């Protein structure tokens, strides 16, 4: 790996000289790979060096793109300095750097690094302005333009395997939990458009013992959207010959009174949650956990984004987010051209939104957000169920559907399955069972 | 600039906003004022529902401008906050307009317009190369007649006025990097009579690097050689304001016929210097002066922030929509044009005085007519010229049309986009 000297920087950013950045050390045993290493801000350099690797590994070396990549690198460096300025509350300096970044970086560049910078700079500008305005107590942007965002989510599902990975590995675990059960109840904590469930219904319908009676409790904040999803799923279940009940709950799980969730004796309950940063899907974290304890499901399927918690320091969060989203941008860039409209749609309507939310100034209650749900579940006595070999097979099958499959990686570890791109894990799927159940037997 | 002073300003702003909220809300619940802000904001946001109606940006921006002109601090913060949540420079038109106007409004409210503008200009200058600037202009001309309209109309008027002259001197005050002149050179070369000698003096407005003009000059000389047109290329630079220019700067010779070509030039002259500047042009004794300007009025409402904002919003809404429909969604060239517009918006709305060198106080065709009449009288475009423009428009997508100026004192041609006049082209001779 080359050391980066000033010559590598694009001559156009002449005034800028890299300053020494503060080193922060932190120990975090939740870091992937298990080792509780001392991580300096070199963790940031790690992302930085990944950027260099990313951009150097790009194919197509004609001059124009080479210049783009060089520019991408120097922009990342300026972005990092800006993040440091924000972390020490030097908004004036940050603003100056953001003016430069937002004028130069293009989200349509051939360089993934530059695209990432364009969106991160914009998110940071939003945060700085929000700090200046004395607001910033709302972490998640109010959800308007819902249709566009959900549409982008669907497009993401088509061009990238991450969502399918979440759905199919979870479905596998749920299927196993429903083995030889004839009354089942699925509780989806954030159903969106219910993209996950048709595939499960299909498998349930073709079980040797025949389909179970299926109840579904769906949570989400728009009652209208829930009803629509319910109509779609009911129609689908009917066509498959599954007897189906749909219960919409127009609340976030953290706002739900447990009495709103009817459970019946003898039914097998599965709770599912796919974490994202598009909007605040969960609400009050500890209340959601309490709801889970009360419901005592046979299986909880959880898919988490691998990012530092929102309650941490800004710089830590920034570096983690930069690493995380750079990886996603890179995975998209590996198969889709820089002018691809679907790629732009996902990057603008979905990823930009997430980045905005992840970098936002937190509000009241952010300290109460769980860093890692897996850790919390352990603390509350839930028992982890290791992902089965079948889940691994499912994951592999999905990857085979995608052209850039050699870049996507599946890792098994600690009973979880992690899907990522190259060395970076992005989504981690895990399965849990309620502490109140005495035994959990899994089909072989 | 004094950084500590700026930081103090920003902190003061933050503090005063918090104080304001505290005064408004009860002190019992420390989180109450945050929630209150959140609730009223959510209500207002929900009442907008962008997925239903299209034009949420216009409504929000107008409300914000109103709050600024009324100096209603609470409302200003409220609307700026909302715009901040919804805006994006990478989204649809509403999101873009919200983003760039938010920047201008914020600078206006915090009186940081000039500082911000200076930074933006210096960043833009550093990152523009000949290649990138050329790419933007050429792509723009390929997908839209916005600039080529003025070129074709002006060339027609110049050729007509200079017919029969042996020595031509064109003084070009524009920012289209000489993309206008190849067609004119071609026309000169293919005329029946002897090819005249052409001198081209380009006035370089601030922001165009020396290396850019050198490249352009070399290309023009090469092209003229190919066309067989005796050609001389000069650059006038080294001044900070167009209003500083004097007749002597152009080196006009006695035996040449002078044409002055002003494409988007007059609006760059600071308002008080416009009349003297026009008089100075008159002293050059030109055969023709071509004036092309964008159809917007940012001058007569200098003291009324709301009126100025509305006109700015009107014009740039049209411009951004036109850009969105003309370019592909992922066009870097379109992004450059939008960023350029954002600097103009900032300079018009948030800069007192003349915003660091170049002000973009546009005026409408009718206003320019008033200024030019006296020293000059209008020349109408001949039929050939008008036909050329019509032929040009046919090469682009539907939506563009030609509209001759109407009314007793009106002169010139308008380019219209979806029936809105957007660019005005005119020709003048000294009276």
Within region B:405-427, can you find the residues that are at pLDDT below 95 and at negative phi? B:405, B:406, B:408, B:409, B:410, B:411
Complete set of residues in region A:275-303 that are modelled with pLDDT under 95, within 18 Å of the chain's Cα centre (by Cα) and under 22 Å from residue A:381 (Cα atoms): A:275, A:282, A:283, A:285
Is region A:361-379 home to any residue that is at positive phi and at pLDDT 90 or above? no
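Any idea which of A:372, A:326, A:311, A:331 is more than 11 Å from every other protein chain (Cβ to nearest Cβ) and touching a strand residue (DSSP E or B) at 6+ places or on another chain (Cβ under 6 Å)? Break it down stepwise before answering.
Values: A:372 fails: touching a strand residue (DSSP E or B) at 6+ places or on another chain (Cβ under 6 Å); A:326 fails: touching a strand residue (DSSP E or B) at 6+ places or on another chain (Cβ under 6 Å); A:311 fails: touching a strand residue (DSSP E or B) at 6+ places or on another chain (Cβ under 6 Å).
Residue meeting the stated conditions: A:331.
Output the residues belonging to region A:98-113 that are in a helix (DSSP H, G or I) and under 15 Å from residue B:336 (Cα atoms). Full working, then the answer.
At the first step, the residues of region A:98-113 found to be in a helix (DSSP H, G or I) are A:98-104, A:112-113.
Matches in region A:98-113: A:99, A:100, A:101, A:102, A:103, A:104.
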Among B:63, B:58, the single one that is away from chain A (no Cβ under 13 Å) and under 21 Å from the mean Cα position of the chain (by Cα) is B:58
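Looking at residue A:349, is it within 14 Å of another protein chain (Cβ to nearest Cβ), buried (at least 21 other Cβ atoms within 10 Å of the Cβ), over 20 Å from residue A:78 (Cα atoms) and at pLDDT 90 or above?
On the way: within 14 Å of another protein chain (Cβ to nearest Cβ): yes; buried (at least 21 other Cβ atoms within 10 Å of the Cβ): yes; over 20 Å from residue A:78 (Cα atoms): yes; at pLDDT 90 or above: yes.
Here the answer is yes, as residue A:349 does meet what is asked.
Matching residues to (1) surrounded by 17 or more Cβ atoms within 10 Å (Cβ to Cβ); (2) within 23 Å of residue B:165 (Cβ to Cβ):
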| position | (1), (2) |
| --- | --- |
| B:244 | no, no |
| B:247 | no, yes |
| B:251 | no, yes |
| B:264 | yes, no |
| B:274 | yes, no |
| B:280 | yes, yes |
| B:286 | yes, yes |
| B:292 | yes, yes |
Only one of (1) within 10 Å of another protein chain (Cβ to nearest Cβ); (2) buried (at least 19 other Cβ atoms within 10 Å of the Cβ); (3) modelled with pLDDT under 90 is not met by residue B:133, so which one is it? (1)
Would you confirm, using the coordinates I've provided, whether residue A:166 is crowded, with 19+ Cβ neighbours inside 10 Å, within 14 Å of another protein chain (Cβ to nearest Cβ) and at pLDDT below 95? no
Out of the residues in region B:88-111 meeting the condition of being outside any helix (DSSP H, G or I) and facing chain A (nearest Cβ under 9 Å), tell me which one is surrounded by the fewest Cβ atoms within 10 Å (Cβ to Cβ). B:91
Residue check, residue B:402 against (1) over 15 Å from the mean Cα position of the chain (by Cα); (2) modelled with pLDDT under 95; (3) within 26 Å of residue B:93 (Cα to Cα), all met but one. Which one? (2)
Hey, could you check region A:119-132 for residues that are at the interface with another protein chain (Cβ under 7 Å from one of its Cβ atoms) and surrounded by 22 or more Cβ atoms within 10 Å (Cβ to Cβ) and say which is modelled with the lowest pLDDT? A:132
Please determine, by comparing only the residues of region A:334-346 that are at pLDDT 95 or above and touching a helix residue (DSSP H, G or I) at 6+ places or on another chain (Cβ under 8 Å), which one is surrounded by the most Cβ atoms within 10 Å (Cβ to Cβ). A:346
Here's a check for you: in region A:246-284, which residue that is in contact with a helix residue (DSSP H, G or I) (Cβ under 6 Å, 6 or more places away or on another chain) and in a helix (DSSP H, G or I) is surrounded by the most Cβ atoms within 10 Å (Cβ to Cβ)? A:253
Can you find a residue that is at pLDDT below 90 and in contact with a helix residue (DSSP H, G or I) (Cβ under 8 Å, 6 or more places away or on another chain) anywhere in region B:340-352? yes
Of the candidates B:151, B:169, B:77, the one satisfying the condition of being buried (at least 22 other Cβ atoms within 10 Å of the Cβ), touching a strand residue (DSSP E or B) at 6+ places or on another chain (Cβ under 9 Å) and assigned to a helix (DSSP H, G or I) is B:151
For region A:187-211, give me each residue that is touching a residue at least 40 places away in the same chain (Cβ under 8 Å) and in a loop (DSSP other than H, G, I, E, B). A:189, A:190, A:192, A:193, A:195, A:196
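The values are calculated or read from the model by the stated rules, or taken from the named source; none is laboratory data. Remember, predicted model here, so these are calculated numbers, not experimental data. Note that we place each Cβ from the backbone using ideal geometry, even for glycine, and neighbour counts take in every protein chain shown.
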